[in-house]
1. Highest GNM mean-square fluctuation, the chain, Cα pairs closer than 10 Å: which of Lys168, Lys105, Lys19?
2. How are the alpha carbon pair distances in the range 49-137 distributed across 5 Å bins from zero to the largest one, expressed in percent?
3. Can you give the convex hull volume of the alpha carbon atoms of the range 1-75 per residue, in Å³?
4. Taking springs between alpha-carbon atoms closer than 10 angstrom, which of Ile144, Ile50, Ile81 fluctuates most in the Gaussian network model of the chain?
5. Per the 1.4 Å probe, what fraction of the accessible area of the range 10-169, in percent, lies on carbon and sulfur atoms?
6. What whole-number value in Å² describes the accessible area per residue of the range 1-151 for a 1.4 Å probe?
7. Checking the table Lys73/Lys245; Lys2/Lys73; Lys130/Lys168; Lys105/Lys249; Lys73/Lys140; Lys19/Lys68 against a 25 Å threshold on Cα-Cα, which pairs fail?
8. Using the Cα centre as the reference, give the magnitude of the dipole from point charges on the C-beta atoms of the chain (Lys, Arg: +1; Asp, Glu: -1; all else neutral), rounded to the nearest 20 debye.
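The values are calculated or read from the model by the stated rules, or taken from the named source; none is laboratory data. Because the structure is a prediction, the values reported are computed rather than measured. Note: ideal-geometry Cβ built from the backbone for every residue, glycine included; neighbour counts use all protein chains shown. Ligands, DNA and RNA are stripped out before the accessible areas are found, and what is left, the full protein with its side chains, is counted by its heavy atoms. Shrake-Rupley method; radii C 1.70, N 1.55, O 1.52, S 1.80 Å.
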Amino acid sequence: MKLENKVCVVTGSSRGIGKAMALGFAREGADVVIAARTEVQKDERLPGTIHSVAEEVRALGRRALPVKVNVAKEEDVDRMIAMTMEEFGRVDVMVHNAALAFWKKVWETPSKLWDLVVAVNLRGAYLCAKAALPHMIEQKSGSIINLSSPGADMGGKIDGGMAYAASKAGIERLTNGLAEEVREYGISVNCFKPAGFIESEGLKYWSTPETDTEEWEPPDLMVKAAIFLATQTSEGVTGRIFTEKQLDKEFDLDS
């Protein structure tokens, strides 16, 4: 098992890509912190909670810690890592996957809405790294994985989601710089993203009947890449931005 006895924290893991990664880590031997905002399912179109995913992790024979967290709030993120250390005594992998998007033109976007998207997506990545890194530095090991989006590369071609696109582009730059800051401590910092659309519950929720879903890929498509990055050190792959397909092509993840 590639992650045996490792402790992985995954934000936004009550459903979608986050859930797929959490279960993938568990299958590779990791104990997992299921961190998200959803404790109780309120909409059948958005199935899954931190508790239901934790049960699925436990069914795979691994330990799970469900934690309600808003990654935009420093006190929530600090509490998440404190609970992780109290429960498991270490943190080996920190995945920032939680994200928020609103599809409005810039001139139609209230500043509070812009700030909220940036707070969850970009500030959240900073806060998660800031909270986890002191423990990783003490261990002289660890992996930070940030999730980006094709929107980070699309510039003006993304229709009405500039707050989202800008925050994801910021995450990529944060990844590059942070990798250099922590290189001496053996810690890897990488960022990956889907090459196209992933059929998550959230994306389906915001779709319309006219949405073309023919080329959407399942969340499990992202798991092999996440596991590979979770095993890296600063002597291996670090400071890189990939799509899952680029990762597979460069490192032959099935080998």
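1. Taking springs between Cα atoms under 10 Å, the residue moving most is Lys105.
2. P(r) over the range 49-137, rounded to whole percents: 3, 13, 19, 20, 17, 12, 8, 5, 3, 1, 0.
3. 85 Å³
4. Of Ile144, Ile50, Ile81, the Gaussian network model singles out Ile81 as fluctuating most.
5. Taking all protein chains in place, the range 10-169 shows 53 percent carbon and sulfur surface.
6. 45 Å²
7. In this structure, Lys73/Lys245; Lys2/Lys73; Lys105/Lys249; Lys73/Lys140 lie more than 25 Å apart at Cα.
8. Dipole size: approximately 460 debye.
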